[in-house]
Amino acid sequence: MTDQLSPHLSASAARRRASRRRNELIFRGLGLLALGLAALFLFSLMYSVVKKSYYGFVQSFIQIDVYLDPAIIKPEDLAQYQASKGVPQNLWAADIEPDAKKAKRAQRSVQRGGSYKKMIQTMLSDEFAEHFEGYETERERDKSVAQVAEMISLETQFSIRDNLVSGTFKLGETVSIWALASGDADVLFKDMKRRTQKNEDSENWILLKQSVDEQGLSVLTQWRDSGRIRIRPYLGVPELKLFGRTLLEQRPGFFASASSTSPERAGIAAAAQGTFLMLLVVLVLAVPVGVLAAVYLEKFAPRNQFTDFMEININNLAAVPSIIFGILGAAVIIQWLFPGSRGFPIVGGTVLAFMTLPTVIIAARAAIGAVPPSYEEAALGMGASHQQSVFQHVLPAALPGIASGVIIGLAQAAGETAPLLMVGMNAFINDVCDAGAACLMSKGVGMPSQIYQWAADDDPLFQNKTAAGIVCLLTLVIAMNGLATYIRSRFERAN
Amino acid sequence: MSEIRMQADDVNVFYGENHALKGVSMEVKSRHVTALIGPSGCGKSTFLRCLNRMNDTIEIARIKGKILLDGENINDSALDITLLRQRVGMVFQKPNPFPKSIYDNVAYGPRLHGMAKNREELDEIVEQALTSAGLWEEVYDRLEAEALGLSGGQQQRLCIARTVAVSPEVILMDEPCSALDPIATGTVERLILELAKDYAIVIVTHNMQQAQRVAGTTAFFHLGDMVEMAATKDIFENPQDPRTKDYVAGAFG
């Protein structure tokens, strides 16, 4: 007898093994390649957005010394206005007798932005007199000064006014302030910082040259060279009121301001408020309906053709493009049920709730289905009714799963753009609503539609704000998804 | 002699087309342990679940026949099923405490049925139930601890305490020791004998030694038929039916 060679040791078997090993290696390589590509795309997207967003969060400021000229705003007018605003008497700009009629006239004078613009222009004209030379007429010179004054944001005028009214600044003083630069100037200053060496052929310089002349440019250059330009975060503090008490004073900035036609003043606050209100509506509408529908379908509904049909429809609804829900909102809610409700967060929220409902139902059904049947059996065995066993045992055990599903649904709703456009939640809103619950019923805007609006503007600073807005929205959505994952992982560990 | 607590008369169960239980008749005596034995799929658990109508939770199950509890037909559609389950409690194969504290597990039934007027009475019921399940000594100082933190045997005794707390008349046990180790099994078996002084107990078991240890009466099921029912001693030592003989001798099953 000769020893039989095992068939696994033959040459052809060795070849087969080698080929199998090679194939597995190739598959692994391809998998890694795909993963790497996905990571690369994600990284480059994040990198470009985050990098671009940096200049949306920081803004240029110019140090200027402004003389608060009592000739431009009369102390009596300011005092009348202060009295009408309830400023304590010892802070009034002059000794006056409060008078309603005079206060009304004073209001016009104090609130007019033109007064403050004039102060800034006077400052420029006096302080930089040697720069503004060589004009044939006075008018041309004034025009050039006005153009440079445009480089200082409207925000600065309002800030001077507010400080005057509150008594922080006094008429007749010369105050040194860091003034927010306007969009054009801001882009230029950032550009100068970015490249270190002057790049006078850059797009932004060309843009700037259209808005100021040679003399104006020399003022800007002088500011830059004397270190009076600073680029620093402009985030602001949103106003926070709770039960009539102000917890946070409003300070303008990206997180505190509404949108604006001037890019340097545009902020995300109104949009964030709109999104928050809509998510509130979604929470109130979609969660009870969705969870109860899930409980019914999973635990009470008889199995028949009707419930099968419902189930198929719910699953299909989850895949319906969101714009369809937007059309539903526009056609049914705005045109038919509640005319004139276009752009209200309550309408936007309702539409998003419809859109989120299938997600919530599917997630809640999965969570309820995953509860061990032994809980229910134990309760039934002790004489609990079916309903009691579901609501006292199954639902509490399913709650973490339901919560994570709800949060994922909310995150999805927060990022949805198309339905907002359909229900008119892309209006230009330049004021953060402070009417409390009534804000649900006043025109609003959501974060995605605000980003969409900014993206459509080709001003470079608006482009930066777009990126900053995207970063905010992404942070919100990622944080919500992270919370959902956290809740789910804790739930899984508990079981 | 103990009285008859439950009486099943020609009970048939169908799961869809499958005739799972074929005309079973039997009596359950109070203060007595009745064991149901038989190979897997013989219908013993199905029959047990008929006694408190747990089969109702299975949609395709149909039950025919009469089961009397103190002379009242429990398959009557007018019967309040929650009341039935208060009177006929059940302990399941796998320990299934609620994900709550030990105290809340035992107090669940009394709270549900409003059996205690105040906290003191409830405490009393919980203590008694835990004592009769032989668990009080082990847990009295950590009643607020999670029930799921107990060992398997303790969990099963907690489930028994939970059932006892509702003051049932009959306790059904569906292989209560199949998920336990021998030592915990011994504890539970002693507990069953103790409980049999007060309650009617019906126990399904795969373990013939267990039936011999705890049961006064044993019924042998095979393929949906109840083949033989007699005093436990007779079933194991002097079976009448050849199928019973083969099964208890270990020829199949």
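Quick check on segment A:391-409. Is at least one of its residues touching a Lys or Arg at 6+ places or on another chain (Cβ under 6 Å), surrounded by 21 or more Cβ atoms within 10 Å (Cβ to Cβ) and either of a type in the set (K, R) or under 22 Å from A:R490 (Cα atoms) (or both)?
Yes - at least one qualifying residue is present in segment A:391-409.
Please verify whether segment A:424-434 includes one or more residues that are touching a helix residue (DSSP H, G or I) at 6+ places or on another chain (Cβ under 8 Å) and on the phi > 0 side of the Ramachandran plot.
yes
I'm told B:E137 meets every condition in (1) touching a Ser or Thr at 6+ places or on another chain (Cβ under 9 Å); (2) in a loop (DSSP other than H, G, I, E, B); (3) exposed (fewer than 14 other Cβ atoms within 10 Å of the Cβ) except one. Can you identify the failing condition by its number?
Condition (2) is where B:E137 drops out.
Given the conditions (1) modelled with pLDDT of 95 or more; (2) loosely packed, with under 10 Cβ neighbours inside 10 Å, which single one is not true for A:L9?
With (1) modelled with pLDDT of 95 or more; (2) loosely packed, with under 10 Cβ neighbours inside 10 Å applied to A:L9, the lone miss is (1).
Considering segment A:161-186 alone, what residues qualify as being buried (at least 18 other Cβ atoms within 10 Å of the Cβ), assigned to a loop (DSSP other than H, G, I, E, B) and within 37 Å of the chain's Cα centre (by Cα)?
Result: A:F169, A:S182.
Kindly indicate whether B:T82 is closer than 19 Å to A:S374 by Cα and of a type in the set (S, T, Y).
Yes; evaluated as a whole, the condition is true for this residue.
Kindly indicate whether A:G86 is on the phi > 0 side of the Ramachandran plot, surrounded by fewer than 15 Cβ atoms within 10 Å (Cβ to Cβ) and at pLDDT below 85.
Criteria met by A:G86.
Would you point out the residue of segment A:42-62, among those that are under 20 Å from A:T156 (Cα atoms) and of a type in the set (G, A, S), that is surrounded by the most Cβ atoms within 10 Å (Cβ to Cβ)?
A:S60
From the list A:L483, A:L473, which one is over 13 Å from the mean Cα position of the chain (by Cα) and assigned to a helix (DSSP H, G or I)? So that I can check it myself, show each step before the final result.
On the way: A:L473 fails: over 13 Å from the mean Cα position of the chain (by Cα).
Criteria check complete, one pass: A:L483.
Is there any pair with a first residue in segment A:293-306 that is touching a residue at least 60 places away in the same chain (Cβ under 8 Å) and closer than 26 Å to A:T356 by Cβ and a second that is among the hydroxyl-bearing types (S, T, Y) and surrounded by fewer than 17 Cβ atoms within 10 Å (Cβ to Cβ) whose Cβ atoms are under 9 Å apart and which are 6 or more apart or on different chains, and what are they?
The qualifying pairs are A:L297/A:T307.
Just a yes or no: is a residue in segment A:290-300 basic (K, R) and not assigned by TED's automatic domain parsing to the domain that holds A:S442?
So the first thing to find is which residues in segment A:290-300 are basic (K, R), and the list is A:299.
Within this subset, residues satisfying the condition of being not assigned by TED's automatic domain parsing to the domain that holds A:S442 are none.
Checked against the condition, which is being basic (K, R) and not assigned by TED's automatic domain parsing to the domain that holds A:S442, segment A:290-300 yields no hits at all.
Can you pull out every residue in segment A:308-354 that is aromatic (F, W, Y) and either modelled with pLDDT of 90 or more or in contact with a helix residue (DSSP H, G or I) (Cβ under 9 Å, 6 or more places away or on another chain) (or both)?
A:F309, A:F325, A:F338, A:F344, A:F354
Working only within segment A:434-450, note down all residues that are more than 15 Å from A:G348 (Cβ to Cβ) and in contact (Cβ under 8 Å) with a residue 24 or more places away in the chain.
A:D434
Counting only residues that are more than 9 Å from chain A (Cβ to nearest Cβ), surrounded by 22 or more Cβ atoms within 10 Å (Cβ to Cβ) and either assigned to a loop (DSSP other than H, G, I, E, B) or not small (G, A, S) (or both), how many does segment B:106-116 have?
Going through segment B:106-116, the residues more than 9 Å from chain A (Cβ to nearest Cβ) turn out to be B:106-107, B:110-111, B:114-116.
Then keep just the ones that are surrounded by 22 or more Cβ atoms within 10 Å (Cβ to Cβ); that gives B:106-107.
Now drop any that are not either assigned to a loop (DSSP other than H, G, I, E, B) or not small (G, A, S) (or both), which leaves B:106.
Residues flagged as more than 9 Å from chain A (Cβ to nearest Cβ), surrounded by 22 or more Cβ atoms within 10 Å (Cβ to Cβ) and either assigned to a loop (DSSP other than H, G, I, E, B) or not small (G, A, S) (or both) within segment B:106-116 amount to 1.
Of the residues in segment A:433-456, how many are aliphatic (A, V, I, L, M), closer than 21 Å to A:P252 by Cα and either modelled with pLDDT of 90 or more or part of a helix (DSSP H, G or I) (or both)? Please lay out each step first, then the result.
Taking segment A:433-456 first, the residues aliphatic (A, V, I, L, M) are A:435, A:437-438, A:440-441, A:445, A:447, A:451, A:455-456.
Filter once more, keeping what is closer than 21 Å to A:P252 by Cα: A:435, A:445, A:447, A:451.
Remaining after also requiring either modelled with pLDDT of 90 or more or part of a helix (DSSP H, G or I) (or both): A:445, A:447, A:451.
Residues flagged as aliphatic (A, V, I, L, M), closer than 21 Å to A:P252 by Cα and either modelled with pLDDT of 90 or more or part of a helix (DSSP H, G or I) (or both) within segment A:433-456 amount to 3.
Do you know which of the residues in segment B:50-60 that are at the interface with chain A (Cβ under 10 Å from one of its Cβ atoms) and surrounded by 21 or more Cβ atoms within 10 Å (Cβ to Cβ) is nearest to B:A200 (Cα to Cα)?
Once the filter is applied, the top-ranked residue is B:N52.
Quick check on this structure: which one of A:F189, A:F158 is modelled with pLDDT under 85, aromatic (F, W, Y), under 27 Å from the mean Cα position of the chain (by Cα) and in a helix (DSSP H, G or I)? Quick ask: steps written out before the conclusion?
Details: A:F158 fails: modelled with pLDDT under 85.
Criteria check complete, one pass: A:F189.
Counting just the residues of segment A:451-470 that are free of Cβ contacts under 8 Å to residues at least 24 places away in the same chain and more than 14 Å from the chain's Cα centre (by Cα), which one comes out farthest from A:I402 (Cα to Cα)?
It comes out as A:D458.
Please indicate, with yes or no, whether at least one residue in segment A:461-468 is in a loop (DSSP other than H, G, I, E, B) and under 19 Å from A:A256 (Cβ atoms).
Scanning segment A:461-468 turns up no residue that is in a loop (DSSP other than H, G, I, E, B) and under 19 Å from A:A256 (Cβ atoms).
Considering only segment B:113-156, state which residues are closer than 24 Å to A:Q388 by Cα and either of a type in the set (D, E, K, R) or touching a Cys at 6+ places or on another chain (Cβ under 6 Å) (or both).
Across segment B:113-156, the qualifying residues are B:K117, B:R119, B:E121, B:D123, B:E144, B:E146.
Given B:I37, B:I63, B:I4, which one is under 19 Å from B:M229 (Cβ atoms), more than 14 Å from chain A (Cβ to nearest Cβ) and buried (at least 17 other Cβ atoms within 10 Å of the Cβ)?
Among B:I37, B:I63, B:I4, only B:I37 is under 19 Å from B:M229 (Cβ atoms), more than 14 Å from chain A (Cβ to nearest Cβ) and buried (at least 17 other Cβ atoms within 10 Å of the Cβ).
Out of all the residues in segment B:140-152, is one or more assigned to a helix (DSSP H, G or I), farther than 26 Å from A:L399 by Cβ and in contact (Cβ under 8 Å) with a residue 40 or more places away in the chain?
yes
From the list A:G329, A:G274, A:G349, which residue is surrounded by 20 or more Cβ atoms within 10 Å (Cβ to Cβ), touching a strand residue (DSSP E or B) at 6+ places or on another chain (Cβ under 8 Å) and small (G, A, S)? Write out each step before concluding.
Numbers: A:G329 fails: touching a strand residue (DSSP E or B) at 6+ places or on another chain (Cβ under 8 Å); A:G349 fails: touching a strand residue (DSSP E or B) at 6+ places or on another chain (Cβ under 8 Å).
Answer to the selection: A:G274.
What helices (runs of 4 or more DSSP H), lying completely within segment A:335-432, carry at least 2 residues that are away from chain B (no Cβ under 13 Å), under 27 Å from A:Y486 (Cβ atoms) and touching an Asp or Glu at 6+ places or on another chain (Cβ under 7 Å)?
Details: elements: A:345-369, A:373-381, A:386-389, A:395-414, A:418-422.
Correct list: A:345-369.
The values are calculated or read from the model by the stated rules, or taken from the named source; none is laboratory data. Owing to the predicted nature of the structure, the values given are computational and were not obtained by experimental measurement. Positions of Cβ are generated from backbone atoms using ideal geometry, with glycine treated the same way; all protein chains shown enter the neighbour counts.
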